[in-house]
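K.L.:
Can you keep this structure in mind? I'll have questions shortly.
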Number of protein chains: 2
Amino acid sequence: MRRRLVRQITGFSNETVKRVRSLRDKKHRRREGLFLAEGLRILTEARAAGALPEILFFAPEGAGHPLARGLIAETEAAGGDVIETNADILSKLSGKENPQTLVGVYRDRLTPLAAIDRTRSGIWIVAQALRDPGNLGTILRTSDAVGGGGLILVDDCVDPFSVEAVRASMGALFTQTIAAARWEEFVAWLRQGPAQLVGTSLRTDTDYQATRYQAPTFILVGNEAQGLPAPYENQCDLLVKMPMRGKADSLNAAIATAVMAYEVLNQRRPR
Amino acid sequence: MRRRLVRQITGFSNETVKRVRSLRDKKHRRREGLFLAEGLRILTEARAAGALPEILFFAPEGAGHPLARGLIAETEAAGGDVIETNADILSKLSGKENPQTLVGVYRDRLTPLAAIDRTRSGIWIVAQALRDPGNLGTILRTSDAVGGGGLILVDDCVDPFSVEAVRASMGALFTQTIAAARWEEFVAWLRQGPAQLVGTSLRTDTDYQATRYQAPTFILVGNEAQGLPAPYENQCDLLVKMPMRGKADSLNAAIATAVMAYEVLNQRRPR
(Lines give C-alpha, C1' and ligand atoms only; values in the text may rest on other atoms or scores of the structure.)
Protein backbone atom coordinates (compact mmCIF):
# COMPACT_ATOMS: atom_id res chain seq x y z
CA MET A 1 0.00 0.00 0.00
CA ARG A 2 1.24 3.47 -0.95
CA ARG A 3 2.19 5.66 1.95
CA ARG A 4 -0.27 8.47 2.59
CA LEU A 5 1.68 11.68 1.97
CA VAL A 6 -0.94 14.19 2.97
CA ARG A 7 -0.15 16.01 6.18
CA GLN A 8 -2.46 18.12 8.30
CA ILE A 9 -1.82 21.71 9.30
CA THR A 10 -4.32 23.72 11.28
CA GLY A 11 -2.07 26.19 13.10
CA PHE A 12 -1.46 29.75 11.99
CA SER A 13 2.07 29.67 13.35
CA ASN A 14 3.12 26.75 11.18
CA GLU A 15 6.23 27.61 9.14
CA THR A 16 4.75 26.46 5.82
CA VAL A 17 1.63 28.52 6.41
CA LYS A 18 3.72 31.58 7.22
CA ARG A 19 5.93 31.07 4.19
CA VAL A 20 3.01 30.59 1.81
CA ARG A 21 1.17 33.51 3.37
CA SER A 22 4.20 35.69 2.62
CA LEU A 23 3.77 34.95 -1.10
CA ARG A 24 1.02 37.55 -1.15
CA ASP A 25 3.92 40.03 -1.13
CA LYS A 26 5.81 40.62 -4.37
CA LYS A 27 9.14 40.73 -2.55
CA HIS A 28 8.66 37.21 -1.22
CA ARG A 29 7.33 35.91 -4.53
CA ARG A 30 10.46 37.16 -6.26
CA ARG A 31 12.79 35.67 -3.67
CA GLU A 32 11.12 32.28 -3.67
CA GLY A 33 10.16 32.15 -7.34
CA LEU A 34 6.73 30.95 -6.26
CA PHE A 35 3.19 32.30 -6.40
CA LEU A 36 -0.33 31.46 -5.21
CA ALA A 37 -3.34 30.34 -7.19
CA GLU A 38 -6.73 29.54 -5.70
CA GLY A 39 -9.80 27.57 -6.53
CA LEU A 40 -10.71 24.36 -8.28
CA ARG A 41 -11.33 26.03 -11.62
CA ILE A 42 -7.98 27.79 -11.87
CA LEU A 43 -6.01 24.87 -10.45
CA THR A 44 -7.72 22.55 -12.95
CA GLU A 45 -6.79 24.89 -15.82
CA ALA A 46 -3.22 24.86 -14.53
CA ARG A 47 -3.18 21.09 -14.46
CA ALA A 48 -4.59 20.90 -17.98
CA ALA A 49 -1.76 23.19 -19.05
CA GLY A 50 0.74 20.85 -17.43
CA ALA A 51 1.37 22.79 -14.22
CA LEU A 52 1.04 21.08 -10.85
CA PRO A 53 1.50 22.93 -7.57
CA GLU A 54 4.60 22.43 -5.45
CA ILE A 55 2.39 22.82 -2.39
CA LEU A 56 -1.35 22.15 -2.37
CA PHE A 57 -3.61 23.16 0.52
CA PHE A 58 -7.12 21.83 0.67
CA ALA A 59 -10.02 21.92 3.11
CA PRO A 60 -11.83 18.59 3.61
CA GLU A 61 -15.07 20.07 2.22
CA GLY A 62 -13.27 20.80 -1.04
CA ALA A 63 -11.70 17.40 -1.48
CA GLY A 64 -14.85 15.58 -2.50
CA HIS A 65 -15.00 16.82 -6.07
CA PRO A 66 -13.50 14.32 -8.54
CA LEU A 67 -11.34 17.07 -10.08
CA ALA A 68 -10.02 17.98 -6.63
CA ARG A 69 -9.28 14.34 -5.85
CA GLY A 70 -7.40 14.02 -9.14
CA LEU A 71 -5.43 17.17 -8.42
CA ILE A 72 -4.49 15.94 -4.96
CA ALA A 73 -3.45 12.54 -6.28
CA GLU A 74 -1.37 13.95 -9.13
CA THR A 75 0.32 16.50 -6.87
CA GLU A 76 1.26 13.72 -4.44
CA ALA A 77 2.49 11.52 -7.28
CA ALA A 78 4.68 14.35 -8.57
CA GLY A 79 6.28 14.73 -5.15
CA GLY A 80 4.39 17.85 -4.17
CA ASP A 81 3.55 18.78 -0.61
CA VAL A 82 -0.18 18.13 -0.06
CA ILE A 83 -1.61 19.69 3.07
CA GLU A 84 -5.03 19.22 4.57
CA THR A 85 -6.13 22.31 6.42
CA ASN A 86 -9.22 24.35 7.31
CA ALA A 87 -11.15 27.38 6.08
CA ASP A 88 -9.42 29.74 8.55
CA ILE A 89 -5.98 28.91 7.22
CA LEU A 90 -7.17 29.09 3.61
CA SER A 91 -8.68 32.48 4.37
CA LYS A 92 -5.36 33.62 5.78
CA LEU A 93 -3.50 32.36 2.72
CA SER A 94 -5.83 33.88 0.16
CA GLY A 95 -6.72 37.08 1.99
CA LYS A 96 -10.41 36.47 1.34
CA GLU A 97 -13.20 36.05 3.85
CA ASN A 98 -14.77 33.23 1.91
CA PRO A 99 -11.74 31.42 0.59
CA GLN A 100 -11.69 28.81 -2.12
CA THR A 101 -11.24 25.30 -0.77
CA LEU A 102 -8.01 24.77 -2.72
CA VAL A 103 -4.87 26.89 -2.76
CA GLY A 104 -1.84 25.93 -4.82
CA VAL A 105 1.71 27.23 -4.73
CA TYR A 106 3.34 27.24 -8.16
CA ARG A 107 6.78 27.88 -9.58
CA ASP A 108 6.65 31.19 -11.44
CA ARG A 109 6.96 30.99 -15.16
CA LEU A 110 8.43 33.99 -16.95
CA THR A 111 9.72 33.09 -20.39
CA PRO A 112 12.83 34.83 -21.77
CA LEU A 113 12.03 36.82 -24.93
CA ALA A 114 14.63 34.84 -26.84
CA ALA A 115 12.77 31.61 -26.07
CA ILE A 116 9.49 32.83 -27.60
CA ASP A 117 8.48 31.32 -30.93
CA ARG A 118 6.43 34.21 -32.29
CA THR A 119 5.11 32.17 -35.21
CA ARG A 120 3.19 29.99 -32.77
CA SER A 121 0.33 32.50 -32.78
CA GLY A 122 -0.90 35.35 -34.93
CA ILE A 123 -1.79 37.54 -31.94
CA TRP A 124 0.44 38.70 -29.10
CA ILE A 125 -0.27 41.34 -26.47
CA VAL A 126 2.34 43.81 -25.26
CA ALA A 127 1.52 45.86 -22.15
CA GLN A 128 3.48 48.93 -21.15
CA ALA A 129 3.53 50.05 -17.50
CA LEU A 130 0.21 48.36 -16.78
CA ARG A 131 -0.64 49.04 -13.14
CA ASP A 132 -3.83 47.19 -12.36
CA PRO A 133 -3.56 43.47 -11.55
CA GLY A 134 -7.18 42.91 -12.57
CA ASN A 135 -6.47 44.41 -15.98
CA LEU A 136 -3.38 42.26 -16.39
CA GLY A 137 -5.20 39.06 -15.48
CA THR A 138 -8.16 39.97 -17.69
CA ILE A 139 -5.82 40.63 -20.63
CA LEU A 140 -4.30 37.16 -20.16
CA ARG A 141 -7.78 35.64 -20.12
CA THR A 142 -8.69 37.50 -23.32
CA SER A 143 -5.43 36.55 -24.98
CA ASP A 144 -6.21 32.91 -24.28
CA ALA A 145 -9.72 33.38 -25.69
CA VAL A 146 -8.52 34.76 -29.03
CA GLY A 147 -5.86 32.06 -29.32
CA GLY A 148 -3.12 34.56 -28.57
CA GLY A 149 0.40 33.46 -27.77
CA GLY A 150 0.96 35.46 -24.64
CA LEU A 151 1.72 38.71 -22.92
CA ILE A 152 4.95 40.67 -23.01
CA LEU A 153 5.29 43.12 -20.12
CA VAL A 154 7.30 46.23 -20.87
CA ASP A 155 8.61 48.75 -18.35
CA ASP A 156 7.34 48.65 -14.79
CA CYS A 157 4.16 46.58 -14.91
CA VAL A 158 2.24 45.13 -12.00
CA ASP A 159 3.39 41.63 -11.05
CA PRO A 160 1.57 39.03 -13.19
CA PHE A 161 1.91 36.57 -10.31
CA SER A 162 0.03 38.70 -7.79
CA VAL A 163 -2.98 37.01 -6.23
CA GLU A 164 -5.35 39.48 -7.95
CA ALA A 165 -3.82 39.01 -11.41
CA VAL A 166 -3.85 35.23 -11.11
CA ARG A 167 -7.48 35.37 -10.01
CA ALA A 168 -8.54 37.64 -12.88
CA SER A 169 -6.72 35.47 -15.42
CA MET A 170 -8.99 32.54 -14.51
CA GLY A 171 -6.14 30.17 -15.26
CA ALA A 172 -4.92 31.79 -18.47
CA LEU A 173 -1.74 32.60 -16.58
CA PHE A 174 -0.86 28.95 -17.08
CA THR A 175 -1.75 28.70 -20.77
CA GLN A 176 -0.20 31.95 -21.94
CA THR A 177 3.47 32.71 -22.40
CA ILE A 178 4.51 35.61 -20.15
CA ALA A 179 7.67 37.62 -20.69
CA ALA A 180 9.05 40.82 -19.22
CA ALA A 181 11.52 43.18 -20.85
CA ARG A 182 12.71 46.74 -21.08
CA TRP A 183 11.29 48.58 -24.09
CA GLU A 184 14.64 48.65 -25.94
CA GLU A 185 15.11 44.91 -25.42
CA PHE A 186 11.61 44.25 -26.62
CA VAL A 187 11.98 46.35 -29.78
CA ALA A 188 15.33 44.76 -30.60
CA TRP A 189 13.81 41.29 -30.26
CA LEU A 190 10.67 42.29 -32.18
CA ARG A 191 12.64 43.49 -35.21
CA GLN A 192 14.57 40.24 -35.49
CA GLY A 193 11.57 38.54 -37.05
CA PRO A 194 8.17 39.08 -38.63
CA ALA A 195 5.97 41.40 -36.58
CA GLN A 196 3.40 44.14 -36.96
CA LEU A 197 3.40 46.34 -33.87
CA VAL A 198 0.02 48.04 -33.51
CA GLY A 199 -0.73 50.67 -30.91
CA THR A 200 -4.09 52.13 -30.00
CA SER A 201 -3.85 55.88 -29.83
CA LEU A 202 -5.83 59.08 -29.77
CA ARG A 203 -3.20 60.64 -32.05
CA THR A 204 -4.29 58.96 -35.27
CA ASP A 205 -7.22 59.04 -37.67
CA THR A 206 -6.86 55.41 -38.75
CA ASP A 207 -9.91 53.44 -37.76
CA TYR A 208 -9.11 50.07 -36.23
CA GLN A 209 -11.33 48.34 -38.79
CA ALA A 210 -9.89 50.17 -41.82
CA THR A 211 -6.76 48.07 -42.06
CA ARG A 212 -5.84 44.42 -42.55
CA TYR A 213 -3.58 43.28 -39.78
CA GLN A 214 -0.52 41.20 -40.61
CA ALA A 215 0.46 38.17 -38.56
CA PRO A 216 2.01 37.99 -36.11
CA THR A 217 0.26 41.11 -34.82
CA PHE A 218 1.61 42.58 -31.58
CA ILE A 219 -1.09 44.68 -29.91
CA LEU A 220 0.55 47.34 -27.75
CA VAL A 221 -1.48 48.66 -24.82
CA GLY A 222 -0.29 51.52 -22.64
CA ASN A 223 -0.55 52.52 -19.02
CA GLU A 224 -4.10 52.97 -17.69
CA ALA A 225 -3.69 56.65 -16.85
CA GLN A 226 -1.12 57.89 -19.36
CA GLY A 227 -1.57 55.69 -22.40
CA LEU A 228 1.49 55.05 -24.56
CA PRO A 229 4.48 57.42 -24.44
CA ALA A 230 4.90 59.24 -27.76
CA PRO A 231 8.35 57.68 -28.48
CA TYR A 232 6.76 54.25 -28.10
CA GLU A 233 3.98 55.18 -30.48
CA ASN A 234 6.62 56.28 -32.97
CA GLN A 235 8.07 52.76 -32.96
CA CYS A 236 4.71 51.23 -33.92
CA ASP A 237 4.13 50.03 -37.47
CA LEU A 238 0.59 51.28 -37.18
CA LEU A 239 -1.50 53.37 -34.86
CA VAL A 240 -5.24 52.85 -34.83
CA LYS A 241 -8.16 54.20 -32.90
CA MET A 242 -11.47 52.77 -31.89
CA PRO A 243 -14.64 54.80 -32.38
CA MET A 244 -15.57 56.70 -29.23
CA ARG A 245 -19.13 57.96 -29.22
CA GLY A 246 -19.46 59.08 -25.64
CA LYS A 247 -18.27 61.83 -23.37
CA ALA A 248 -14.97 60.16 -22.45
CA ASP A 249 -11.99 59.73 -24.72
CA SER A 250 -10.65 56.38 -23.65
CA LEU A 251 -11.53 52.80 -22.81
CA ASN A 252 -10.34 50.67 -19.94
CA ALA A 253 -6.98 49.15 -20.97
CA ALA A 254 -8.23 45.56 -20.86
CA ILE A 255 -11.35 46.51 -22.83
CA ALA A 256 -9.36 48.29 -25.56
CA THR A 257 -7.06 45.27 -25.80
CA ALA A 258 -10.01 42.91 -26.17
CA VAL A 259 -11.80 44.98 -28.81
CA MET A 260 -8.55 45.11 -30.81
CA ALA A 261 -7.74 41.43 -30.32
CA TYR A 262 -11.21 40.33 -31.46
CA GLU A 263 -10.91 42.54 -34.55
CA VAL A 264 -7.62 40.85 -35.46
CA LEU A 265 -9.10 37.41 -34.83
CA ASN A 266 -12.28 38.24 -36.77
CA GLN A 267 -10.29 39.30 -39.83
CA ARG A 268 -8.65 35.90 -39.94
CA ARG A 269 -11.44 33.48 -39.20
CA PRO A 270 -13.70 31.93 -41.84
CA ARG A 271 -17.25 33.27 -42.11
CA MET B 1 -17.48 91.11 -1.70
CA ARG B 2 -19.00 87.64 -1.74
CA ARG B 3 -18.85 85.77 1.54
CA ARG B 4 -16.32 82.97 1.51
CA LEU B 5 -18.33 79.78 1.99
CA VAL B 6 -15.46 77.34 2.21
CA ARG B 7 -14.94 75.90 5.67
CA GLN B 8 -11.96 73.99 6.96
CA ILE B 9 -12.08 70.55 8.51
CA THR B 10 -8.96 68.73 9.61
CA GLY B 11 -10.29 66.54 12.43
CA PHE B 12 -11.21 62.89 12.02
CA SER B 13 -13.96 63.19 14.60
CA ASN B 14 -15.81 65.87 12.67
CA GLU B 15 -19.44 64.85 12.09
CA THR B 16 -19.37 65.59 8.35
CA VAL B 17 -16.20 63.55 7.91
CA LYS B 18 -17.75 60.64 9.81
CA ARG B 19 -20.94 60.86 7.81
CA VAL B 20 -19.17 61.01 4.46
CA ARG B 21 -16.80 58.24 5.50
CA SER B 22 -19.83 56.06 6.22
CA LEU B 23 -20.88 56.36 2.57
CA ARG B 24 -18.31 53.71 1.74
CA ASP B 25 -20.92 51.30 3.16
CA LYS B 26 -23.86 50.40 0.98
CA LYS B 27 -26.25 50.57 3.92
CA HIS B 28 -25.38 54.20 4.58
CA ARG B 29 -25.45 55.09 0.89
CA ARG B 30 -28.97 53.71 0.64
CA ARG B 31 -30.15 55.52 3.72
CA GLU B 32 -28.69 58.87 2.71
CA GLY B 33 -29.22 58.57 -1.03
CA LEU B 34 -25.67 59.81 -1.49
CA PHE B 35 -22.41 58.38 -2.81
CA LEU B 36 -18.73 59.28 -3.17
CA ALA B 37 -16.72 60.10 -6.27
CA GLU B 38 -13.04 60.99 -6.27
CA GLY B 39 -10.56 62.78 -8.44
CA LEU B 40 -10.46 65.75 -10.75
CA ARG B 41 -11.12 63.71 -13.86
CA ILE B 42 -14.27 62.00 -12.62
CA LEU B 43 -15.62 65.11 -10.89
CA THR B 44 -15.05 67.09 -14.08
CA GLU B 45 -16.94 64.47 -16.10
CA ALA B 46 -19.74 64.72 -13.57
CA ARG B 47 -19.86 68.48 -13.90
CA ALA B 48 -19.89 68.23 -17.71
CA ALA B 49 -22.87 65.89 -17.33
CA GLY B 50 -24.62 68.46 -15.16
CA ALA B 51 -23.93 66.91 -11.75
CA LEU B 52 -22.39 68.98 -8.98
CA PRO B 53 -21.52 67.53 -5.57
CA GLU B 54 -23.60 68.32 -2.51
CA ILE B 55 -20.39 68.24 -0.50
CA LEU B 56 -16.94 68.82 -2.00
CA PHE B 57 -13.73 68.10 -0.09
CA PHE B 58 -10.44 69.36 -1.42
CA ALA B 59 -6.84 69.49 -0.27
CA PRO B 60 -5.07 72.81 -0.87
CA GLU B 61 -2.56 71.12 -3.21
CA GLY B 62 -5.44 70.05 -5.45
CA ALA B 63 -7.14 73.43 -5.62
CA GLY B 64 -4.65 75.05 -7.98
CA HIS B 65 -5.84 73.40 -11.16
CA PRO B 66 -8.22 75.64 -13.15
CA LEU B 67 -10.74 72.78 -13.43
CA ALA B 68 -10.64 72.29 -9.66
CA ARG B 69 -11.11 76.01 -9.07
CA GLY B 70 -14.09 75.99 -11.42
CA LEU B 71 -15.57 73.00 -9.66
CA ILE B 72 -15.17 74.64 -6.25
CA ALA B 73 -16.71 77.90 -7.46
CA GLU B 74 -19.68 76.20 -9.11
CA THR B 75 -20.32 73.97 -6.13
CA GLU B 76 -20.32 77.02 -3.84
CA ALA B 77 -22.60 78.92 -6.22
CA ALA B 78 -25.04 76.02 -6.26
CA GLY B 79 -25.21 76.04 -2.48
CA GLY B 80 -23.02 73.01 -1.94
CA ASP B 81 -20.87 72.47 1.12
CA VAL B 82 -17.24 73.09 0.13
CA ILE B 83 -14.69 71.87 2.64
CA GLU B 84 -10.96 72.43 2.67
CA THR B 85 -9.17 69.54 4.29
CA ASN B 86 -5.92 67.57 4.16
CA ALA B 87 -4.54 64.37 2.64
CA ASP B 88 -5.15 62.34 5.82
CA ILE B 89 -8.85 63.10 5.82
CA LEU B 90 -9.11 62.47 2.07
CA SER B 91 -7.35 59.17 2.58
CA LYS B 92 -9.86 58.27 5.27
CA LEU B 93 -12.78 59.22 3.01
CA SER B 94 -11.54 57.37 -0.06
CA GLY B 95 -9.97 54.38 1.65
CA LYS B 96 -6.81 54.83 -0.42
CA GLU B 97 -3.30 55.46 0.81
CA ASN B 98 -2.63 58.01 -1.91
CA PRO B 99 -5.97 59.73 -2.18
CA GLN B 100 -7.11 62.01 -4.94
CA THR B 101 -7.11 65.68 -3.92
CA LEU B 102 -10.84 66.03 -4.56
CA VAL B 103 -13.70 63.99 -3.16
CA GLY B 104 -17.31 64.78 -4.00
CA VAL B 105 -20.54 63.58 -2.42
CA TYR B 106 -23.34 63.20 -4.95
CA ARG B 107 -27.05 62.48 -4.86
CA ASP B 108 -27.55 58.98 -6.23
CA ARG B 109 -29.28 58.77 -9.56
CA LEU B 110 -31.24 55.62 -10.29
CA THR B 111 -33.78 56.15 -13.05
CA PRO B 112 -37.12 54.32 -12.90
CA LEU B 113 -37.55 51.99 -15.88
CA ALA B 114 -40.73 53.78 -16.85
CA ALA B 115 -38.80 57.03 -17.24
CA ILE B 116 -36.32 55.60 -19.76
CA ASP B 117 -36.70 56.67 -23.38
CA ARG B 118 -35.26 53.61 -25.09
CA THR B 119 -35.21 55.27 -28.51
CA ARG B 120 -32.56 57.68 -27.24
CA SER B 121 -29.85 55.12 -28.07
CA GLY B 122 -29.48 52.01 -30.21
CA ILE B 123 -27.46 50.17 -27.54
CA TRP B 124 -28.39 49.39 -23.96
CA ILE B 125 -26.68 47.04 -21.53
CA VAL B 126 -28.57 44.79 -19.14
CA ALA B 127 -26.57 43.09 -16.38
CA GLN B 128 -27.93 40.20 -14.35
CA ALA B 129 -26.54 39.49 -10.86
CA LEU B 130 -23.25 41.19 -11.66
CA ARG B 131 -21.05 40.91 -8.56
CA ASP B 132 -17.84 42.76 -9.29
CA PRO B 133 -17.87 46.56 -8.87
CA GLY B 134 -14.92 46.92 -11.25
CA ASN B 135 -16.85 45.06 -13.94
CA LEU B 136 -19.92 47.21 -13.36
CA GLY B 137 -17.95 50.46 -13.61
CA THR B 138 -16.05 49.24 -16.65
CA ILE B 139 -19.32 48.30 -18.38
CA LEU B 140 -20.62 51.82 -17.75
CA ARG B 141 -17.44 53.27 -19.23
CA THR B 142 -17.76 51.03 -22.29
CA SER B 143 -21.44 51.87 -22.69
CA ASP B 144 -20.54 55.54 -22.74
CA ALA B 145 -17.82 54.84 -25.34
CA VAL B 146 -20.18 53.10 -27.77
CA GLY B 147 -22.81 55.79 -27.34
CA GLY B 148 -25.00 53.47 -25.30
CA GLY B 149 -27.96 54.73 -23.35
CA GLY B 150 -27.24 53.12 -20.04
CA LEU B 151 -27.21 50.10 -17.82
CA ILE B 152 -30.18 48.22 -16.43
CA LEU B 153 -29.34 46.12 -13.38
CA VAL B 154 -31.41 43.00 -12.93
CA ASP B 155 -31.60 40.81 -9.83
CA ASP B 156 -29.07 41.27 -7.06
CA CYS B 157 -26.23 43.25 -8.64
CA VAL B 158 -23.36 44.98 -6.87
CA ASP B 159 -24.14 48.59 -5.94
CA PRO B 160 -23.34 50.89 -8.91
CA PHE B 161 -22.62 53.68 -6.42
CA SER B 162 -19.87 51.80 -4.58
CA VAL B 163 -16.52 53.58 -4.50
CA GLU B 164 -14.94 50.89 -6.70
CA ALA B 165 -17.68 50.99 -9.34
CA VAL B 166 -17.63 54.79 -9.50
CA ARG B 167 -13.85 54.70 -9.88
CA ALA B 168 -13.91 52.09 -12.65
CA SER B 169 -16.62 54.00 -14.53
CA MET B 170 -14.25 56.96 -14.90
CA GLY B 171 -17.21 59.29 -14.75
CA ALA B 172 -19.53 57.33 -17.05
CA LEU B 173 -21.72 56.81 -14.00
CA PHE B 174 -22.81 60.42 -14.54
CA THR B 175 -23.41 60.22 -18.30
CA GLN B 176 -25.22 56.88 -18.40
CA THR B 177 -28.75 56.16 -17.33
CA ILE B 178 -28.80 53.56 -14.56
CA ALA B 179 -31.88 51.56 -13.59
CA ALA B 180 -32.51 48.58 -11.35
CA ALA B 181 -35.36 46.11 -11.63
CA ARG B 182 -36.47 42.58 -10.99
CA TRP B 183 -36.28 40.38 -14.08
CA GLU B 184 -40.06 40.19 -14.47
CA GLU B 185 -40.38 43.97 -14.24
CA PHE B 186 -37.63 44.41 -16.78
CA VAL B 187 -39.14 41.96 -19.27
CA ALA B 188 -42.58 43.53 -18.91
CA TRP B 189 -41.14 46.97 -19.59
CA LEU B 190 -38.95 45.69 -22.44
CA ARG B 191 -41.91 44.21 -24.33
CA GLN B 192 -43.89 47.44 -24.20
CA GLY B 193 -41.74 48.88 -26.99
CA PRO B 194 -39.20 48.10 -29.68
CA ALA B 195 -36.32 45.98 -28.39
CA GLN B 196 -34.01 43.17 -29.41
CA LEU B 197 -32.79 41.32 -26.33
CA VAL B 198 -29.49 39.59 -27.11
CA GLY B 199 -27.74 37.24 -24.71
CA THR B 200 -24.27 35.81 -25.02
CA SER B 201 -24.34 32.11 -24.35
CA LEU B 202 -22.41 28.91 -24.69
CA ARG B 203 -25.68 27.17 -25.57
CA THR B 204 -25.94 28.45 -29.14
CA ASP B 205 -24.15 28.05 -32.46
CA THR B 206 -24.99 31.53 -33.73
CA ASP B 207 -21.82 33.54 -34.20
CA TYR B 208 -22.06 37.09 -32.87
CA GLN B 209 -21.03 38.46 -36.27
CA ALA B 210 -23.47 36.33 -38.26
CA THR B 211 -26.50 38.45 -37.53
CA ARG B 212 -27.63 42.04 -38.06
CA TYR B 213 -28.70 43.53 -34.77
CA GLN B 214 -31.87 45.59 -34.58
CA ALA B 215 -32.06 48.85 -32.67
CA PRO B 216 -32.54 49.33 -29.87
CA THR B 217 -30.37 46.34 -29.00
CA PHE B 218 -30.35 45.28 -25.35
CA ILE B 219 -27.17 43.31 -24.62
CA LEU B 220 -27.79 40.96 -21.72
CA VAL B 221 -24.78 39.94 -19.66
CA GLY B 222 -24.95 37.38 -16.88
CA ASN B 223 -23.31 36.79 -13.53
CA GLU B 224 -19.51 36.40 -13.62
CA ALA B 225 -19.48 32.86 -12.29
CA GLN B 226 -22.79 31.41 -13.46
CA GLY B 227 -23.61 33.22 -16.67
CA LEU B 228 -27.26 33.69 -17.55
CA PRO B 229 -29.92 31.41 -16.02
CA ALA B 230 -31.54 29.24 -18.69
CA PRO B 231 -35.02 30.78 -18.20
CA TYR B 232 -33.50 34.21 -18.86
CA GLU B 233 -31.83 32.93 -22.01
CA ASN B 234 -35.20 31.63 -23.14
CA GLN B 235 -36.60 35.16 -22.98
CA CYS B 236 -33.92 36.49 -25.32
CA ASP B 237 -34.77 37.28 -28.93
CA LEU B 238 -31.37 35.99 -29.90
CA LEU B 239 -28.48 34.12 -28.32
CA VAL B 240 -25.03 34.55 -29.80
CA LYS B 241 -21.55 33.35 -29.00
CA MET B 242 -18.15 34.82 -29.52
CA PRO B 243 -15.36 32.69 -30.93
CA MET B 244 -13.26 31.13 -28.18
CA ARG B 245 -9.94 29.80 -29.41
CA GLY B 246 -8.24 29.10 -26.11
CA LYS B 247 -8.41 26.64 -23.27
CA ALA B 248 -11.12 28.47 -21.36
CA ASP B 249 -14.76 28.71 -22.36
CA SER B 250 -15.66 32.18 -21.23
CA LEU B 251 -14.61 35.81 -21.19
CA ASN B 252 -14.67 38.29 -18.34
CA ALA B 253 -18.20 39.76 -18.17
CA ALA B 254 -17.07 43.32 -18.95
CA ILE B 255 -14.93 42.08 -21.86
CA ALA B 256 -17.77 40.05 -23.39
CA THR B 257 -20.05 43.07 -23.07
CA ALA B 258 -17.53 45.31 -24.81
CA VAL B 259 -16.85 42.91 -27.67
CA MET B 260 -20.61 42.62 -28.24
CA ALA B 261 -21.24 46.35 -27.91
CA TYR B 262 -18.51 47.23 -30.42
CA GLU B 263 -19.93 44.71 -32.88
CA VAL B 264 -23.35 46.35 -32.63
CA LEU B 265 -21.81 49.81 -33.01
CA ASN B 266 -19.62 48.69 -35.93
CA GLN B 267 -22.61 47.34 -37.84
CA ARG B 268 -24.24 50.74 -37.69
CA ARG B 269 -21.45 53.17 -38.35
CA PRO B 270 -20.40 54.37 -41.82
CA ARG B 271 -17.21 52.88 -43.28
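The values are calculated or read from the model by the stated rules, or taken from the named source; none is laboratory data. All values reported here derive from a predicted model rather than from experimental measurement. Here the Cβ is made from the backbone with ideal geometry for all residues, glycine too, and neighbour counts use every protein chain on show. These accessible areas exclude ligands, DNA and RNA; they are computed on the full protein's heavy atoms, side chains included. Shrake-Rupley method; radii C 1.70, N 1.55, O 1.52, S 1.80 Å.
K.L.:
Only residues that are surrounded by fewer than 17 Cβ atoms within 10 Å (Cβ to Cβ), in contact (Cβ under 8 Å) with a residue 40 or more places away in the chain and over 26 Å from A:I178 (Cβ atoms): list them for the range A:87-117, please.
P.N.:
Passing the criteria: only A:D88.
K.L.:
OK, next. What number of residues in the range B:118-176 are at positive phi, out of contact with any Gly (no Cβ under 9 Å at 6 or more places or on another chain) and open to solvent by 10 Å² or more (accessible area, probe 1.4 Å)?
P.N.:
Residues meeting the conditions: 1.
K.L.:
Could you list all residues from the range B:45-63 that are open to solvent by 10 Å² or more (accessible area, probe 1.4 Å) and within 14 Å of chain A (Cβ to nearest Cβ)?
P.N.:
Once the filter is applied, which keeps residues that are open to solvent by 10 Å² or more (accessible area, probe 1.4 Å) and within 14 Å of chain A (Cβ to nearest Cβ), the range B:45-63 yields B:E45, B:R47, B:A48, B:A49, B:G50, B:A51.
K.L.:
While we're here: Mind listing whichever residues of the range A:196-235 are open to solvent by 20 Å² or more (accessible area, probe 1.4 Å), under 16 Å from A:Q128 (Cβ atoms), assigned to a loop (DSSP other than H, G, I, E, B) and more than 14 Å from chain B (Cβ to nearest Cβ)?
P.N.:
Correct list: A:R203, A:P229.
K.L.:
If the Cβ limit is 7 Å and pairs must be 6+ apart or interchain, which residue in the range B:122-137 that is under 25 Å from B:P194 (Cα atoms) and in the same structural domain as B:M260 (by TED's automatic domain parsing) pairs with which residue that is of a type in the set (S, T, Y) and in a helix (DSSP H, G or I)?
P.N.:
B:I125/B:S143; B:I125/B:T257; B:Q128/B:Y232
K.L.:
So, one more: For the range B:200-207, does any single residue satisfy the condition of being in contact (Cβ under 8 Å) with a residue 60 or more places away in the chain and closer than 14 Å to B:V126 by Cβ?
P.N.:
For the range B:200-207, residues in contact (Cβ under 8 Å) with a residue 60 or more places away in the chain and closer than 14 Å to B:V126 by Cβ: present.
K.L.:
Go over the candidates B:R182, B:R269 one by one and state the one that is at the interface with another protein chain (Cβ under 9 Å from one of its Cβ atoms) and not small (G, A, S).
P.N.:
Working: B:R182 fails: at the interface with another protein chain (Cβ under 9 Å from one of its Cβ atoms).
Just a single option satisfies the conditions, and that option is B:R269.
K.L.:
Which one of these does B:E185 not meet: (1) assigned to a loop (DSSP other than H, G, I, E, B); (2) open to solvent by 20 Å² or more (accessible area, probe 1.4 Å); (3) at pLDDT 95 or above?
P.N.:
Of (1) assigned to a loop (DSSP other than H, G, I, E, B); (2) open to solvent by 20 Å² or more (accessible area, probe 1.4 Å); (3) at pLDDT 95 or above, only one is false for B:E185: (1).
K.L.:
Which ones in the range A:240-271 are at pLDDT below 95 and hydroxyl-bearing (S, T, Y)?
P.N.:
A:S250
K.L.:
Sticking with this structure for a sec: Name the residues in the range B:236-270 that are open to solvent by less than 20 Å² (accessible area, probe 1.4 Å) and either of a type in the set (F, W, Y) or without any contact (Cβ under 8 Å) to a residue 12 or more places away in the chain (or both), would you?
P.N.:
Of everything in the range B:236-270, those that are open to solvent by less than 20 Å² (accessible area, probe 1.4 Å) and either of a type in the set (F, W, Y) or without any contact (Cβ under 8 Å) to a residue 12 or more places away in the chain (or both) turn out to be B:A248, B:I255, B:Y262, B:N266.
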